[in-house]
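The next block holds one structure in the form of structure tokens; read it before the comments.
The values are calculated or read from the model by the stated rules, or taken from the named source; none is laboratory data. These numbers were taken from a predicted model, which means no experiment stands behind them. In this analysis, Cβ positions are derived from the backbone assuming ideal geometry, glycine residues included, and neighbour counts consider all displayed protein chains. Note: accessible area is taken over every heavy atom of the protein model, side chains too, but ligands, DNA and RNA are not part of it. Shrake-Rupley method; radii C 1.70, N 1.55, O 1.52, S 1.80 Å.
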Amino acid sequence: MSETQQSFFSVSCEFTLFADPLPADKRLVDGDTLLAMMPRAFKLMAQVNEVEQRCQPLMASLAQHAAELAEYLSLQNLKLDMVLQLQLEKSTEAQYRCQGVRFGGSGAQVHSDEALEPGTILEIKLLVPEENVAVFAVAELTQCLPQEDGYLWDLDFTSIIEADQERLVHASLQVEQRLLRARAQARREQHTP
């Protein structure tokens with residue numbers, strides 16, 4: 001489990017974040033405590049992601065020899081991931097439901113209808129469906145800025161499972177790569193007579 005304040009790259013992306021206040025003494029919790037706090041559905045999603053990571057080399061090898069089977073298995077995996085993401089979003093209840101603005105391995109920025117005091121400790125559930133990411137962590141609200149239509153919260157993770165942090169870093173890089181490709185494509189289209 002990562003309890004250090006490392007600074008990671010973050011990326012603009014739409015996602016959903018559910019948050020519940022925690023007592024200040026829960027700011028830093030050990031890995032066992034964090035796992036005990038984690039909802040079962042998030043544990044399941046973490047296990048599915050772990051299995052997927054272990055199977056990636058096998059799928060790459062299979063794709064060389066049986067492309068159609070590999071494609072079929074990938075589509076089945078995608079379907080399972082989409083069902084799990086939908087179930088997570090529908091079954092998650094929290095005091096605050098926020099719309100994500102930015103995320104990365106060290107924190108997130110979200111839009112909320114409600115203001116909270118900086119220093120508030122929150123149990124968060126972060127869902128990025130397009131990247132198949134579902135993360136449970138403890139975060140500290142470091143800033144709450146008023147906006148025209150609500151508040152912008154800056155959250156720093158204080159306790160997060162290391163594998164979840166790695167998933168967030170990987171997902172943020174994937175999103176950034178897609179954004180860069182889209183920008184490059186738009187520039188090429190602008191310069192095409």
Which condition number in (1) at pLDDT 70 or above; (2) closer than 19 Å to Ala163 by Cβ is the one that Ala94 fails?
(2)
Residue count, segment 146-193 (criterion: closer than 16 Å to Gly107 by Cα and not charged (D, E, K, R))
17
Selection count where residues are loosely packed, with under 14 Cβ neighbours inside 10 Å, of a type in the set (A, V, I, L, M, F, W, C) and either free of Cβ contacts under 8 Å to residues at least 40 places away in the same chain or not in a helix (DSSP H, G or I) (or both), scope segment 161-193
4
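If we keep just the residues of segment 45-60 that are in contact with a helix residue (DSSP H, G or I) (Cβ under 9 Å, 6 or more places away or on another chain) and open to solvent by less than 80 Å² (accessible area, probe 1.4 Å), which is modelled with the lowest pLDDT? Outline the logic, then answer.
Filtering segment 45-60 for residues in contact with a helix residue (DSSP H, G or I) (Cβ under 9 Å, 6 or more places away or on another chain) gives 45-46, 48-50, 52-53, 55, 59-60.
Then keep just the ones that are open to solvent by less than 80 Å² (accessible area, probe 1.4 Å); that gives 45-46, 48-49, 52, 55, 59-60.
Working: Met45: 76, Ala46: 76, Val48: 72, Asn49: 72, Glu52: 71, Cys55: 68, Met59: 64, Ala60: 69.
That would be Met59.
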Got at least one residue in segment 99-112 being within 15 Å of Thr158 (Cβ to Cβ), aliphatic (A, V, I, L, M) and out of contact with any Pro (no Cβ under 7 Å at 6 or more places or on another chain)?
yes
